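Structure first, commentary second.
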Protein chains: 2
Amino acid sequence: MAKRKPRTAKPAEQNGNPNVELTEADRRTLASLRSLADGVVSMAERSRPPHLDIPSRSLSNVRFNKSRRVIEMGSGTNRRELFNLSQARSYMQTVLVTSGCKQLIEQGKTTSIRGMYYLLKHSIEGTKEETFNDQSECDPIIEDVEVTLNALREELHVYASNRGAMVGNITLNDSGDEIDCSRMGSGGYSIPSIVEPEGVKFLSCDAKFVLHVEKDTVWRRFNEDKFWRKHNCILTHGNGQPPRGVRRLLNRLHNELKLPIYCLLDNDPWGYYIYSVIKQGSINLAYESARMAIPEAKFLGLRSIDFVRCGLSPSVTINLSDNDRKRAQQIAAYPWFQNKKAWQKEIELMLKNGFKLEVEALINKGISYVTEEYVPERLEEQDFLD
Amino acid sequence: MAKRKPRTAKPAEQNGNPNVELTEADRRTLASLRSLADGVVSMAERSRPPHLDIPSRSLSNVRFNKSRRVIEMGSGTNRRELFNLSQARSYMQTVLVTSGCKQLIEQGKTTSIRGMYYLLKHSIEGTKEETFNDQSECDPIIEDVEVTLNALREELHVYASNRGAMVGNITLNDSGDEIDCSRMGSGGYSIPSIVEPEGVKFLSCDAKFVLHVEKDTVWRRFNEDKFWRKHNCILTHGNGQPPRGVRRLLNRLHNELKLPIYCLLDNDPWGYYIYSVIKQGSINLAYESARMAIPEAKFLGLRSIDFVRCGLSPSVTINLSDNDRKRAQQIAAYPWFQNKKAWQKEIELMLKNGFKLEVEALINKGISYVTEEYVPERLEEQDFLD
């Protein structure tokens with residue numbers, strides 16, 4: 001234990017930048033970080049081999065909670081021991097990442113996962129050993145620390161990339177700036193990756209629902225046509241699979257402002273999967289489902305019946321690949337789709353059609369067909385998949 | 001010529017949506033589109049085989065204009081004839097794309113290149129022939145129409161994806177909304193792909209320069225540290241190779257507001273290349289250099305001397321790959337770098353170092369080292385590569 005000096009921890013305010021005002025969440029996270037470190041120290045002081053118990057993020061430890069209707073982690077953990085040759089390295093890396101998070105929080109700063117890697121990378125004194133050989137060694141350790149502390153990545157002051165935008169009848173405060181999302185020009189409000197209530201506060205909202213679309217190109221059509229003004233809503237996109245910031249914001253819009261979330265996604269396995277993640281959470285981030293998943297989210301379209309229902313041209317269809325078929329069958333077997341007749345029919349029909357359809361393809365019926373007919377009709381009929 | 005009815009063209013205002021107010025640029029573009037179509041019709045009326053002359057976008061028709069210091073297209077053209085079996089298809093596609101652009105402009109709407117493809121895709125009556133088999137057939141035709149009409153893609157109402165963000169001491173009007181870029185929260189103003197003066201107007205600007213960084217992660221560090229407030233500047237990023245909207249906005253900030261543009265990019269061939277494109281234009285978009293390139297842009301860093309100058313740890317270096325070495329040599333041979341001693345030394349030293357450095361690596365010296373020491377020192381010394 002020679003390498004660890006006992007109990008050098010001071011209160012955060014003394015260690016860190018005295019000008020930094022810690023939020024309530026910061027104090028909570030620092031307390032968890034400190035208690036993890038205290039555990040290590042007390043094991044050492046009692047001459048016991050230090051270890052950490054890391055909740056297992058493997059598929060076998062993930063389950064669908066039927067009553068809460070979200071994907072959750074089970075209680076399985078893996079022990080990581082310092083005095084175990086095969087675990088010593090990842091033990092050290094885990095402790096190192098917690099120290100990096102502590103630095104960031106105390107200095108009131110954030111960084112990306114790449115930044116965290118560079119922050120902590122060094123040769124271990126007296127050896128040629130690097131703390132991390134590359135970023136792929138560091139990323140899963142950050143996730144380990146998230147689940148161990150039961151803290152969102154954002155609470156550790158580590159963020160994913162910004163992707164996704166929002167416009168509509170809502171005003172919010174982002175880091176002290178008042179943002180009126182109905183006056184954001186053609187680009188919209190760029191959804192940050194950290195949208196916790198400490199940084200992003202909802203000030204006022206007239207909107208009655210959220211329309212979430214898959215791609216920025218589709219989002220732009222809706223924004224250009226001022227759809228959100230006509231239909232008094234909020235319009236978001238996540239540039240494909242929405243990043244954490246977008247999912248968390250949708251979750252907050254739904255839970256805090258009671259807004260229904262309608263998803264306009266492609267009629268293909270990828271579109272189904274995006275919906276599944278928004279609604280039930282993902283296997284990868286199962287430990288964050290409670291703050292991310294929206295079991296009440298609705299799938300507005302595109303649906304496999306749209307080819308006939310909307311009278312689309314065969315020219316705009318895209319043949320399913322073998323991989324598409326395989327993915328579709330996997331998704332149909334997800335426990336949360338398994339007992340839903342409408343979803344089983346939806347996926348079956350796509351397989352029977354033999355093709356997929358992108359939302360952009362609706363332009364073939366007219367430049368604004370999607371904003372003036374397709375979506376208004378679905379909203380009018382309240383015709384969604386659940 | 002049975003398929004073309006002669007002279008059905010009406011003034012745009014009659015054809016299109018009567019509620020659409022055309023901008024000056026729209027009228028100009030419509031006039032070019034109409035004159036292209038008139039050319040076809042008049043050839044037909046004089047019983048001559050219709051053709052189009054498309055400026056050649058091949059490397060052999062691109063040159064570096066030494067006095068203007070930008071990459072330009074030469075005057076070479078390729079003829080595309082209707083009555084030529086190998087050209088009839090692309091002739092038809094070219095005319096089709098121009099008709100798509102006309103529709104968009106007349107209806108006051110925009111779309112993506114994917115949208116354009118879907119808009120125009122159909123089976124040709126009485127045949128099984130599709131107008132386009134896939135998008136990769138349509139994209140180059142859009143570029144052909146751009147060069148033929150000497151119109152920016154954005155003037156044809158076709159846009160690239162939104163990518164890149166801006167904060168700082170500037171206020172602008174975007175599509176009627178006033179945007180104060182010093183009050184845009186943590187996400188910043190999302191730079192739209194169309195930033196022509198008709199849509200984006202500069203209202204007021206106190207900033208003294210623009211700092212353009214490569215990646216959103218680095219941008220975020222600068223924004224979080226309110227660098228732009230301390231140094232009275234504008235902060236932009238382009239998420240890697242900046243898209244057209246970002247390049248055009250930088251060009252306008254430089255030319256209209258006389259702001260110097262400083263680039264903070266990685267010390268690797270990709271960083272050099274991004275600088276080269278911002279400064280001189282790209283071979284692909286040579287026909288847009290006049291509105292995109294900024295020959296006065298400066299390279300602030302990272303530089304190959306920074307490893308020693310900043311005392312960086314060997315832990316944060318990344319070994320050059322064979323491909324990196326090859327690219328570096330290609331870039332050193334670019335005519336616009338060839339006679340610049342400082343650039344030749346820069347690239348030589350990188351090759352001699354044998355490694356590259358990312359801007360993010362500076363975090364290893366301290367979380368805010370890049371914003372508090374590295375960039376301020378370079379600005380203080382006015383130490384840039386040109």
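The values are calculated or read from the model by the stated rules, or taken from the named source; none is laboratory data. Owing to the predicted nature of the structure, the values given are computational and were not obtained by experimental measurement. No Cβ is skipped: glycine too gets one built from the backbone with ideal geometry, and neighbour counts run over all protein chains shown.
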Notebook entry, point to check: Which condition number does B:Gly76 fail, the rest of (1) buried (at least 17 other Cβ atoms within 10 Å of the Cβ); (2) within 24 Å of the chain's Cα centre (by Cα); (3) not aliphatic (A, V, I, L, M) being met?
Noted result: (1)
Item checked: B:Ser289 being modelled with pLDDT under 95, within 14 Å of another protein chain (Cβ to nearest Cβ), under 21 Å from B:Val210 (Cβ atoms) and out of contact with any helix residue (DSSP H, G or I) (no Cβ under 6 Å at 6 or more places or on another chain) -> no
Check: For segment B:118-140, does any single residue satisfy the condition of being on the phi > 0 side of the Ramachandran plot and within 15 Å of the chain's Cα centre (by Cα)?
Finding: no
Note to self: Looking at A:Arg303, A:Arg378, A:Arg291, can you tell me which residue is assigned to a helix (DSSP H, G or I) and more than 30 Å from A:Thr148 (Cβ to Cβ)?
What the structure shows: A:Arg378
Next item on the list: Mind listing whichever residues of segment A:169-192 are crowded, with 23+ Cβ neighbours inside 10 Å and away from every other protein chain (no Cβ under 11 Å)?
Entry: A:Ile170
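Determine whether B:Asp139 is farther than 24 Å from A:Glu372 by Cβ, buried (at least 18 other Cβ atoms within 10 Å of the Cβ) and not small (Gly, Ala, Ser).
No: the conditions fail for B:Asp139.
What residue, of A:Asp139, A:Asp144, is part of a helix (DSSP H, G or I), touching a strand residue (DSSP E or B) at 6+ places or on another chain (Cβ under 8 Å) and under 18 Å from A:Met92 (Cβ atoms)?
Of A:Asp139, A:Asp144, the one residue that is part of a helix (DSSP H, G or I), touching a strand residue (DSSP E or B) at 6+ places or on another chain (Cβ under 8 Å) and under 18 Å from A:Met92 (Cβ atoms) is A:Asp144.
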Note to self: What's the total number of residues in segment B:306-323 that are touching a Ser or Thr at 6+ places or on another chain (Cβ under 8 Å), touching a residue at least 40 places away in the same chain (Cβ under 8 Å) and part of a helix (DSSP H, G or I)?
What the structure shows: 2
Next item on the list: Please give the number of the condition A:Lys226 fails out of (1) touching a residue at least 24 places away in the same chain (Cβ under 8 Å); (2) charged (D, E, K, R); (3) more than 30 Å from A:Ala328 (Cα to Cα).
Entry: (1)
Next item on the list: Check whether at least one residue in segment A:103-123 is in contact with a strand residue (DSSP E or B) (Cβ under 8 Å, 6 or more places away or on another chain), loosely packed, with under 14 Cβ neighbours inside 10 Å and within 14 Å of chain B (Cβ to nearest Cβ), and report yes or no.
Entry: yes
Note to self: Quick check on B:Val375: is it buried (at least 17 other Cβ atoms within 10 Å of the Cβ) and touching a helix residue (DSSP H, G or I) at 6+ places or on another chain (Cβ under 7 Å)?
What the structure shows: no
Notebook entry, point to check: Can you tell me how many residues in segment A:28-50 are without any contact (Cβ under 8 Å) to a residue 12 or more places away in the chain and surrounded by 15 or more Cβ atoms within 10 Å (Cβ to Cβ)?
Noted result: 1
Notebook entry, point to check: Does B:Arg63 count as at pLDDT below 95, assigned to a loop (DSSP other than H, G, I, E, B), surrounded by fewer than 16 Cβ atoms within 10 Å (Cβ to Cβ) and within 26 Å of the chain's Cα centre (by Cα)?
Noted result: no
Checklist line | A:Cys310, sole failed condition from (1) under 27 Å from the mean Cα position of the chain (by Cα); (2) crowded, with 19+ Cβ neighbours inside 10 Å; (3) not aliphatic (A, V, I, L, M) | finding: (1)
Next item on the list: Please work out which one of (1) within 14 Å of chain A (Cβ to nearest Cβ); (2) in contact (Cβ under 8 Å) with a residue 12 or more places away in the chain; (3) buried (at least 17 other Cβ atoms within 10 Å of the Cβ) is the condition B:Val20 fails and give its number.
Entry: (3)
Note to self: Return the residues of segment B:251-306 that are under 16 Å from the mean Cα position of the chain (by Cα) and charged (D, E, K, R); say none if nothing qualifies.
What the structure shows: B:Arg252, B:Lys279, B:Glu288, B:Arg291
Next item on the list: State all residues of segment B:213-238 that are touching a helix residue (DSSP H, G or I) at 6+ places or on another chain (Cβ under 6 Å) and part of a strand (DSSP E or B); if no residue qualifies, say none.
Entry: B:Val213, B:Leu235, B:His237
Note to self: If I ask for residues that are within 9 Å of B:Ile283 (Cα to Cα) and of a type in the set (D, E, K, R), which ones from segment B:51-79 would you list?
What the structure shows: B:Arg57, B:Arg63, B:Glu72
Item checked: Checklist (1) within 12 Å of another protein chain (Cβ to nearest Cβ); (2) among the hydrophobic types (A, V, I, L, M, F, W, C); (3) out of contact with any His (no Cβ under 7 Å at 6 or more places or on another chain) applied to B:Ala165, failing item -> (3)
Notebook entry, point to check: Of these, B:Val147, B:Val210, which one is surrounded by fewer than 22 Cβ atoms within 10 Å (Cβ to Cβ), in contact (Cβ under 8 Å) with a residue 12 or more places away in the chain, aliphatic (A, V, I, L, M) and more than 11 Å from chain A (Cβ to nearest Cβ)?
Noted result: B:Val147
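Using the structure shown, decide if B:Met166 is part of a strand (DSSP E or B) and crowded, with 23+ Cβ neighbours inside 10 Å.
Taking the combined requirement at face value, the residue satisfies it.
Scan segment B:328-348 and give yes if some residue there is part of a loop (DSSP other than H, G, I, E, B) and touching a Leu at 6+ places or on another chain (Cβ under 7 Å), otherwise no.
Looking through segment B:328-348, none of the residues is part of a loop (DSSP other than H, G, I, E, B) and touching a Leu at 6+ places or on another chain (Cβ under 7 Å).
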Check: Is it the case that some residue within segment A:337-357 is within 14 Å of chain B (Cβ to nearest Cβ) and either under 24 Å from the mean Cα position of the chain (by Cα) or of a type outside the set (D, E, K, R) (or both)?
Finding: yes
